[in-house]
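What follows is a single structure, written as structure tokens, with notes after it.
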Amino acid sequence: MKKLLNIAFSSLLSGFALVSCNDDDDYQTIESIGKVKIDSVKIANDTMAVFSIQHIKTYSTYSSQCQGFYAYDYIYDSDFKRTVTAYKYITNGPCAQKSYSAVNQINFNPQRTGEYTFTFWNGGNNWITKTIVVK
């Protein structure tokens, strides 16, 4: 048993020797996080079965290559109402100032039957509202 542990430890050490840390890695630091408006929302089916999963796709536009999707703020306002705000990250690296659109998704897995109302932040005081009936 002791020999087996020595062999495993030696293998582990040699594995560490093969991995190097390179300070020249091509990464950028996230400088800040901010809201990004959701331009449009695609829901494949406005009716679904309870306990099934539906992918709700959101589309947003980013103003440069230094920005990208960070996370959703997904708030349960009540049993059947959800408010969704998307957030972007902004990095400090050199990047093209070319805007681009990106798609992200929420996996909706309802545990109760009912009519669910989703509101997605669309900038300012504007919201996109979608309803899904769960049977």
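Considering only protein heavy atoms and a probe of 1.4 Å, how much of the accessible area of segment 93-135 is carbon and sulfur, as a whole percent?
That share works out to 47 percent.
So how do 127-133, 34-40 stack up, highest first, on mean other-Cβ count within 10 Å?
Going from most to least packed, we get 34-40, 127-133.
Could you report segment 89-135's accessible area per residue, 1.4 Å probe, as an integer in Å²?
Accessible area per residue, segment 89-135: 60 Å².
Convert each backbone phi in segment 55-61 into a coupling constant with the Karplus relation 6.51 cos²θ - 1.76 cosθ + 1.60 (shift: θ = phi - 60°), then list the ³J(HN,Hα) values in order as whole Hz, x for Gly and Pro.
8, 9, 9, 10, 10, 9, 10
Hey, what do the phi angles of segment 63-72 turn into as Karplus ³J(HN,Hα) couplings, whole Hz, using 6.51/-1.76/1.60 and θ = phi - 60°, x for Gly and Pro?
7, 7, 6, 8, 10, x, 5, 10, 5, 9
For segment 71-108, run through the trypsin sites (Lys or Arg not before Pro) and keep only the ones in DSSP coil with at most 14 other Cβ atoms within 10 Å of their Cβ.
Filter output for segment 71-108: Lys98.
In segment 25-115, which chymotrypsin sites (Phe, Trp or Tyr not before Pro) fall in coil by DSSP and have 11 or fewer other Cβ atoms within 10 Å?
Tyr27, Phe51
Find how much the distance from Ile33 to Lys135 grows on full extension, using 0.36 nm per residue of separation minus their present alpha carbon separation; answer in nm with one decimal.
33.0 nm
The values are calculated or read from the model by the stated rules, or taken from the named source; none is laboratory data. Worth saying up front: this structure is predicted, and the values here are computed from it rather than measured. Cβ: placed from backbone, ideal geometry, glycine included. Neighbour counts: every protein chain shown. Note: areas computed on protein heavy atoms with side chains; ligands, DNA, RNA excluded. Shrake-Rupley method; radii C 1.70, N 1.55, O 1.52, S 1.80 Å.
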